[in-house]
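First the structure, in the form of structure tokens, and then the observations on it.
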Amino acid sequence: MTRMSGWLLKIAGLLLLPLALSVPAAAQLHVDVTQGVMQPLPIAIPNFIAPGGGTGPSGADIAKVVRNDLASSGLFKSLDPASFIDPVRDINTPPNFGNWRVINAQALVTGQTAMQADGRLRVDFRLWDVYGEQQMVGLQYFTTPENWRRIAHLISDAIYERITGEKGYFDTRVVFISESGSALQRKKRLAVMDQDGANPIFLTRGDYLVLTPRFNPTAQMIAYMSYISGKPRVYMFDLESGRQEMLGNFPNMTFSPRFSPDGNKVVMTLEQNGNSDIYVMDLRNRSTVRLTTEPSIETSPSFSPDGTQIVFESDRGGSQQIYVMNADGSNPHRISYGEGRNGTPVWSPRGDLIAFTKQNGGAFRIGVMRPDGSGERVITDGWMDEGPTWAPNGRVLMFTRSARGGRGSQIWSVDISGHNLRRVPTPGDASDPAWSPLIQ
Amino acid sequence: MMKVSSKLGFVAVACSLLMVGACSTTKKEAADTTPPSVTQNNNSMTSSIVPGSAEDLRVNVGDTVHFDYDQYAVRGEDQGTLQRQAAWLQKYPQVRVTIEGHADERGTREYNLALGARRANAVKEYLVSLGVPSGRVDTISYGKERPVCTESDESCWAENRRGVTTITSGATS
């Protein structure tokens, strides 16, 4: 492919792999992201221009969101706009690439905004290969002006996908538990925000305990655990209507809910007489099927992306370990044989890995392993890291990191390679993140 | 380890059941002898505590038992507390209680919810084995969400691994 010019080859080199040209790009990037990128790609993203005047959202703000998205992935180094020597005046003619090579940019993003007569915002952008001297992506978006952040995230996703070959994950949200107050009187509130921490919205007031929220596949419904009635039960929160309802009418505690990949079912734990077992409820007719019957603890179930299997944790073998069973409960088998205890398994949306919490030597860390239990890798090194959640592209995880002595919890993100560990900005302390799918 | 401990849990419960079955007089003795000591405490210590009140349960009977790490068997040293609770509940038959099960921070959130439920249920089963009607005893697990001590050391963890008997209704006010 002649379009795979110098720039893409350079990227392939940067992303570590000396590969033959015949190898598909996807295969290169599969390895790239898992191995971690030590030398991020330098990308220049000048403020978007507004040739028709600046009444709409600021082109500077849009560019800032894109810069932050790409830099946060760890795969890109967003160059300082103060170093740019060639102001963008027109995005429809090729830039003077030499002026961007001088500042060591390998990729350039130019964009412009315009308010339409119908009140909509139009945003155009172009991604340029600075060394190959050609355009790689050119797209335009229309939306209501308040939605400008989503446009910025969609642009980030388009750039990320074109350069890495992987789907982006920037136009996504995170549902989480916002925490405040002293460690002895912790106030916990259900909250959602954009993946970059923008637009936080509190969904409950904090006058009752809420835990472990998870999105459905359309990111419109949240299943979570609430003590609102005084009895801990799984609830559903409808983001569109703001309504919440108890899921089922069980005599005892229900917890650890997760949706099936098609969104039609919720798998969760029901406790009876002190014994916790896994059940699945069909949301269409509310019928419930029990999947485990052991006298041990069975909890933290998570569907495989094809819906045919469920990974869960159990202490049936003597300590908390990870098991996989068929979606009907048949053929349960242990997959975690590494040191210590292993729990909170979550199946990657790609299907290739299971993320989990490893408890060993007095510390809790995040790990990943293949669904057959092989290839276990511990990827964080905190004192109390737990509860991983996958970005929709299966390449980045968020999790809860807590400090010793009840000094609060924060949300962090990390690549599955263990690189690019970052704190996710939240309003105050936060825990139990769950990443949405890509928003449709 | 857990298999052993769950067996231990069953053993403990089975023992107390046997005790009740084999010598119901023991249970009666406990029921008969404990209330006077409550009264004594009332007289000698704090006359302001109303018999049959939540404070009476907390101060004069004892509302909390503790557990070993990742275990839910009632410990030997806590059996006296639960025997006093059972006697007190029989003296105040209108009282309904909820047993809170709690865990220390050294467990994942959902596992600890399950563990707290095991502990609350172990306390309930012990009280029921001593003759408290099971319908008067509810359970609730808070996992690691409601610590009473926040340092990350063994003494705090030991305090947080607990079962607390709280009054749902029927207390004298």
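Side notes on the structure shown:
- Across A:Glu133, A:Glu179, the residue with the most accessible area heads the list, and the full order at a 1.4 Å probe is A:Glu133, A:Glu179.
- Highest-MSF residue in chain A out of A:Thr389, A:Thr254, A:Thr93 [GNM, Cα springs under 10 Å]: A:Thr93
- Cross-link reach list, aspartates and glutamates versus A:Lys187, counting only Cα pairs under 12 Å and skipping chain neighbours closer than eight places: A:Glu179, A:Asp207, A:Asp429, B:Glu145
- Pairwise FRET efficiency - A:Asn326 versus A:Ser182, Cβ, R0 = 45 Å, nearest 0.05: 0.50
- The mean of 1/r over all pairs of different alpha-carbon atoms in region A:278-345, once inverted, gives a Kirkwood hydrodynamic radius of 12.3 Å.
- Chain A - percent relative contact order, Cα under 8 Å, separation 6 or more: 11
- Between chain A and chain B, the total buried accessible area stands at approximately 3000 Å², from heavy atoms with a 1.4 Å probe.
- Reported value for region A:119-205: 126 Å³ per residue, from the convex hull of its C-alpha atoms.
- Residues of region A:404-430 buried by at least 50 Å² on assembly (accessible area, 1.4 Å probe, chain alone as reference): A:Gly405
- Spacing of the modelled spin labels on A:Asn104 and B:Val59, each 7 Å from Cα toward Cβ, amounts to 7.2 nm.
- Along each principal axis, taking the top coordinate minus the bottom one, the Cα set of region A:183-264 gives 36, 35, 21 Å in descending order.
- Relative contact order of region A:173-435: 13 percent, from C-alpha pairs under 8 Å at least 6 residues apart in sequence.
- Accessible area of the protein assembly as shown divided out per residue, in Å², using a probe of 1.4 angstrom: 40
- Positive-end residue of A:Leu75, A:Pro427, B:Ala114, charge dipole of the protein assembly as shown with Cβ unit charges: B:Ala114
- Our estimate of slack between A:Glu245 and A:Gln135, defined as 0.36 nm per intervening residue step minus the Cα-Cα distance, is 34.6 nm.
- Stokes-Einstein diffusion of region A:34-145 at 20 °C, 1.002 mPa s viscosity, Kirkwood radius from Cα pairs, rounded to a whole number: 147 µm²/s.
- Residue (of A:Leu283, A:Val324, A:Met246) at the positive-pole extreme of region A:173-435, dipole from beta-carbon charges: A:Met246
- Computed FRET value (nearest 0.05) for A:Ile201 with A:Gln39, which takes r as the C-beta separation and R₀ as 60 Å: 0.95
- Stokes-Einstein translational diffusion, region A:173-435 - Kirkwood Rh over all Cα pairs, 0.692 mPa s, 37 °C, in µm²/s: 179
- Cβ-defined net charge surrounding B:Pro147, 11 Å radius [Lys, Arg +1; Asp, Glu -1]: 0
- Ranked from largest, the principal axis spans of the Cα set of region A:219-298 equal 40, 30, 18 Å.
- Spatial offset of region A:144-181 relative to region A:362-389 amounts to 25 Å, using the alpha carbon center of each.
- Placing unit charges on the Cβ atoms of the charged side chains and taking the dipole of region A:325-431 about its Cα centre, the candidate lying farthest along the positive direction among A:Gln410, A:Phe356, A:Pro371 is A:Gln410.
- Stretchable slack from A:Ser229 to A:Thr144, in nm (0.36 nm times residue separation minus alpha-carbon distance): 26.6 nm
- Simple spin-label estimate for B:Tyr69 and A:Arg286 in nanometres, 7 Å along Cα-Cβ: 4.4
- Coarse-grained scattering of region B:51-169 at q = 0.10, 0.11, 0.15 Å⁻¹, given as base-10 log I(q)/I(0) from a Debye sum over alpha-carbon atoms: -0.27, -0.32, -0.60
- Over 22 Å (Cα to Cα) - which of A:Lys188/B:Lys144; B:Lys91/B:Lys124; A:Lys358/B:Lys144; A:Lys231/A:Lys358; A:Lys231/B:Lys144 fall in this group: A:Lys231/A:Lys358
- The convex hull built on the alpha-carbon positions of the protein assembly as shown has an orientation-averaged projected area of 31.7 nm².
- Extending 7 Å from Cα along the Cβ direction at B:Glu151 and again at A:Asn264 yields two label points whose distance is 5.6 nm.
The values are calculated or read from the model by the stated rules, or taken from the named source; none is laboratory data. The structure displayed is predicted, hence computed values, not measured ones. Please note: Cβ atoms are built from the backbone with ideal geometry, for glycine as well, and neighbour counts cover all protein chains shown. Just so you know, the surface numbers come from the protein's heavy atoms only, side chains and all, with ligands and any DNA or RNA stripped out. Shrake-Rupley method; radii C 1.70, N 1.55, O 1.52, S 1.80 Å.
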